[in-house]
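Reading through the structure tokens given below for one structure.
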Amino acid sequence: MEKSSNIQVISPNVKYTEDYIYADYEYEETLVTKKDNELLVKPYQTSLCIRTARKVGRLGIMLVGWGGNNGSTFTAAVLANRHQLSWQTKNGKMDPNWYGSITQASTVRLGIDESGKDVYVGMSELLPMVHPDDLVIDGWDISPLNLAESMVRAKVIDYDLQQKLKKEMSAMKPRPAIYDPDFIAANQADRATNLIRGTRYEQYLQVRADIKDCRDRNKLDSVIVLWTANTERFCEVRAGVHDTSDNLERALRNNDTEISPSTIFAMAAIDEGCCYINGSPQNTMVSGVVERAERAGVFVAGDDFKSGQTKLKSVLVDFLVTAGLKPVSIVSYNHLGNNDGKNLSAPKQFRSKEITKSNVVDDMVESNAILYKPGEKPDHVVVIKYVPYVGDSKRAMDEYTSEILLHGTNTLAVHNTCEDSLLATPLILDLALLTELFSRVQLRRDDTEDWQGLHAVLSLVSYLLKAPLVAEGAPVVNALGKQRAAIENMMRACLALRPIHHMQLEHKVPFLRAELQSGAMFAGAPPNKRQKRAQNGAQ
């Protein structure tokens with residue numbers, strides 16, 4: 001039951017075949033060169049051919065940490081939506097939804113109708129996408145509890161819905177996982193009884209065998225492996241170990257102690273031809289892993305799910321900086337009581353999270369050289385405390401202090417109470433569906449070249465991740481609006497549609513208003529300059 005698009009683009013730049021959507025697309029940018037005190041600006045344009053495979057294959061998602069709060073909640077959400085289960089709460093009858101998912105619950109602007117009003121469609125309607133009901137879910141966990149027991153332990157899902165899901169989820173049992181007490185907090189030891197034994201290389205071979213078994217048993221076309229297990233400490237990245245794919249494999253075979261469990265899962269996924277997404281902050285995406293993904297032609301993405309608090313931070317700081325205000329102090333405080341909070345109560349694991357949370361404003365600060373001198377940043381402090389009683393209901397308090405006119409100050413204080421796993425779960429869905437979609441997109445300049453996929457580092461999904469990975473030398477973008485626009489405009493490019501610009505000239509320029517109001521705009525667009533030149537030349 002794939003999400004088939006009912007949108008048909010009528011354009012000489014788009015061709016539909018049984019297998020592909022072909023789009024001729026003009027990619028435009030503005031090139032700026034600094035010469036002495038002058039900025040020399042030159043428009044840049046290049047012609048691209050983009051093809052998107054229309055066949056949506058059978059997709060499996062294998063979660064590392066399947067039995068955790070996120071994994072059990074994600075499974076419950078997929079099943080509740082698939083079976084359209086309703087349940088009772090003290091507030092009455094509830095029906096399932098995918099609120100919080102940009103693919104399932106957000107809309108994108110397609111264009112304007114005959115009256116000039118914006119037309120919006122669901123993001124999943126733009127291009128053929130996997131339907132959430134069709135996902136096959138599997139995974140690993142260091143805890144032996146089945147998914148029904150894990151759901152009860154997590155205390156996220158309402159009791160009545162738990163009862164309706166209990167039978168099906170009781171039959172779901174995580175595969176043994178890798179446990180290395182050097183990489184996660186010691187307070188996780190009591191859970192660690194469902195384990196893959198042996199050397200790191202033997203563990204790698206078992207993970208590969210698990211992926212192959214899942215793929216073959218369920219007749220899957222593709223598998224995405226996603227880490228939603230405990231935050232690891234940052235590994236000590238070393239030359240000769242993590243820097244190349246070959247060195248990484250040698251270190252794995254030599255049982256090097258700085259090859260983390262998440263790195264083993266990443267290598268196993270890549271070598272099985274699977275995309276790998278890292279949903280927790282840790283040094284998994286080292287250059288050796290990226291090189292391995294490039295060789296295999298699969299995507300890697302990470303790090304750390306971007307939940308409500310970080311999204312809000314990205315929006316607020318971007319708003320302040322673009323408004324000409326200067327954030328000088330950002331203080332973020334969190335307390336939560338789920339197992340993530342318990343693991344993060346250990347200093348090394350907290351440090352991993354602190355790094356991903358602290359870097360989310362850097363690109364916005366660097367974008368304004370009027371407000372900030374080179375190297376200058378706001379004071380940015382992150383505090384996380386473990387409070388068992390509050391469970392999955394995280395409390396987040398943020399204070400933003402900015403300098404305003406004549407060095408006055410303005411302070412915004414935000415208090416956010418959220419159910420942590422109910423915010424993270426839709427991100428897992430979006431990461432899987434968008435990764436699968438973009439794996440079907442290929443580009444070339446003309447028919448003399450071979451088709452190429454997107455770069456192995458799938459930075460297009462940065463909207464969903466706190467510390468997005470980018471290709472070497474590429475800028476890291478954390479501003480939420482830019483990240484969201486990149487996804488939408490890439491999908492539009494696959495249909496030969498220009499990026500959204502919000503100029504609305506048809507409402508601001510008299511002769512364009514007249515064309516719209518008379519219907520001439522919809523009767524047939526006037527030829528552009530290139531078409532006019534071609535017509536004149538033909539005459």
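For the stretch 97-109, residues that are open to solvent by less than 50 Å² (accessible area, probe 1.4 Å) and aliphatic (A, V, I, L, M) total 2.
All of D133, D95 fail the test of being acidic (D, E) and in contact with a Leu (Cβ under 9 Å, 6 or more places away or on another chain), apart from D95.
Any residue at all in the stretch 29-51 that's open to solvent by 20 Å² or more (accessible area, probe 1.4 Å), touching a Phe, Trp or Tyr at 6+ places or on another chain (Cβ under 7 Å) and closer than 29 Å to L220 by Cβ? Scanning the stretch 29-51 turns up at least one residue that is open to solvent by 20 Å² or more (accessible area, probe 1.4 Å), touching a Phe, Trp or Tyr at 6+ places or on another chain (Cβ under 7 Å) and closer than 29 Å to L220 by Cβ. Applying the condition of being farther than 19 Å from N339 by Cβ and in contact with a Phe, Trp or Tyr (Cβ under 8 Å, 6 or more places away or on another chain) to the stretch 384-412 and asking which residue is least open to solvent (accessible area, probe 1.4 Å) yields D398. Pairs meeting the criteria (first residue in the stretch 281-295 and within 12 Å of V237 (Cα to Cα), second residue of a type in the set (G, A, S) and part of a loop (DSSP other than H, G, I, E, B), beta carbons under 9 Å, at least 6 apart or on different chains) are Q282/S260; N283/S260; T284/S260.
In the stretch 79-104, which residues are in contact (Cβ under 8 Å) with a residue 40 or more places away in the chain and either at positive phi or assigned to a helix (DSSP H, G or I) (or both)? Within the stretch 79-104, L79, A80, N81, R82, G100, I102, T103, Q104 qualify. How about the stretch 297-312: which of its residues are touching a Cys at 6+ places or on another chain (Cβ under 8 Å) and open to solvent by 20 Å² or more (accessible area, probe 1.4 Å)? Within the stretch 297-312, just G308 meets the criteria.
Among the residues that make up the stretch 309-318, is at least one of them over 24 Å from S101 (Cβ atoms) and either among the acidic types (D, E) or outside the structural domain of G67 (by the TED database) (or both)? Yes, that holds for at least one residue. Determine whether Y120 is part of a helix (DSSP H, G or I) and either within 14 Å of G65 (Cα to Cα) or in contact (Cβ under 8 Å) with a residue 12 or more places away in the chain (or both). Against the criterion (part of a helix (DSSP H, G or I) and either within 14 Å of G65 (Cα to Cα) or in contact (Cβ under 8 Å) with a residue 12 or more places away in the chain (or both)), Y120 does not qualify.
Among the numbered conditions (1) in a helix (DSSP H, G or I); (2) under 30 Å from L495 (Cβ atoms); (3) of a type outside the set (F, W, Y), the only one that L110 does not meet is (1). When residues in the stretch 275-296 are screened for being among the polar types (S, T, N, Q), over 19 Å from F183 (Cα atoms) and buried (at least 23 other Cβ atoms within 10 Å of the Cβ), 0 of them pass. Residues in the stretch 321-337 that are assigned to a helix (DSSP H, G or I) and in contact with a Leu (Cβ under 8 Å, 6 or more places away or on another chain): V321 alone.
Looking at N69, N6 in this structure, which one is surrounded by fewer than 16 Cβ atoms within 10 Å (Cβ to Cβ) and in contact with an Asp or Glu (Cβ under 9 Å, 6 or more places away or on another chain)?
N6
Look through K55, K90 and report the one residue that is surrounded by fewer than 19 Cβ atoms within 10 Å (Cβ to Cβ), in contact with an Asp or Glu (Cβ under 7 Å, 6 or more places away or on another chain), under 30 Å from E168 (Cα atoms) and among the basic types (K, R).
One residue alone meets the criteria, K55.
Counting only residues that are open to solvent by 50 Å² or more (accessible area, probe 1.4 Å), within 30 Å of R54 (Cα to Cα) and assigned to a loop (DSSP other than H, G, I, E, B), the stretch 485-524 holds 4 of them. Looking only at the stretch 301-350, residues that are modelled with pLDDT of 85 or more and over 23 Å from S421 (Cβ atoms) come to 16 in all. Among the candidates L460, L464, L454, the residue that is out of contact with any strand residue (DSSP E or B) (no Cβ under 6 Å at 6 or more places or on another chain) and over 27 Å from C49 (Cβ atoms) is uniquely L464. Is one or more of the residues making up the stretch 222-245 open to solvent by 10 Å² or more (accessible area, probe 1.4 Å), over 21 Å from G279 (Cβ atoms) and not in a loop (DSSP other than H, G, I, E, B)? Taking every residue of the stretch 222-245 in turn, none turns out to be open to solvent by 10 Å² or more (accessible area, probe 1.4 Å), over 21 Å from G279 (Cβ atoms) and not in a loop (DSSP other than H, G, I, E, B). Entry remark, the stretch 413-444: residues being assigned to a strand (DSSP E or B), open to solvent by 20 Å² or more (accessible area, probe 1.4 Å) and either under 17 Å from D379 (Cα atoms) or of a type outside the set (S, T, N, Q) (or both) number 6 in total.
Could you tell me whether F265 is under 21 Å from P281 (Cβ atoms), in the same structural domain as V289 (by the TED database), modelled with pLDDT under 95 and not basic (K, R)? Spelling it out, it is not the case that F265 is under 21 Å from P281 (Cβ atoms), in the same structural domain as V289 (by the TED database), modelled with pLDDT under 95 and not basic (K, R). Being open to solvent by 50 Å² or more (accessible area, probe 1.4 Å) and within 22 Å of I61 (Cβ to Cβ) holds for only one residue in E168, E272, and it is E168.
If I filter the stretch 128-147 for residues that are assigned by the TED database to the domain that holds L431, farther than 26 Å from N218 by Cα and either modelled with pLDDT of 95 or more or open to solvent by 30 Å² or more (accessible area, probe 1.4 Å) (or both), do I get at least one hit? No: the stretch 128-147 contains no residue that is assigned by the TED database to the domain that holds L431, farther than 26 Å from N218 by Cα and either modelled with pLDDT of 95 or more or open to solvent by 30 Å² or more (accessible area, probe 1.4 Å) (or both).
Candidates in the stretch 455-471 are the residues that are of a type outside the set (A, V, I, L, M) and at pLDDT 90 or above; of these, the one that is least open to solvent (accessible area, probe 1.4 Å) is S462.
Pairs linking a residue in the stretch 440-454 that is at pLDDT 95 or above to a residue that is open to solvent by 50 Å² or more (accessible area, probe 1.4 Å) and among the aromatic types (F, W, Y), with Cβ atoms under 6 Å and 6 or more positions apart or on different chains, are Q442/W451; R444/W451.
Just one of the listed residues (S245, S260) is farther than 24 Å from A424 by Cα and either out of contact with any strand residue (DSSP E or B) (no Cβ under 7 Å at 6 or more places or on another chain) or in the same structural domain as G139 (by the TED database) (or both), and it is S245. Residues in the stretch 176-187 that are farther than 10 Å from S260 by Cα, open to solvent by 30 Å² or more (accessible area, probe 1.4 Å) and in contact (Cβ under 8 Å) with a residue 40 or more places away in the chain: 2 in all.
The values are calculated or read from the model by the stated rules, or taken from the named source; none is laboratory data. All values derive from a computational prediction rather than experimental measurement. So basically every Cβ, Gly included, is an ideal-geometry build from the backbone, and we count neighbours across all protein chains shown. To get the accessible areas, we keep the full protein, side chains included, count just its heavy atoms, and leave off ligands, DNA and RNA. Shrake-Rupley method; radii C 1.70, N 1.55, O 1.52, S 1.80 Å.
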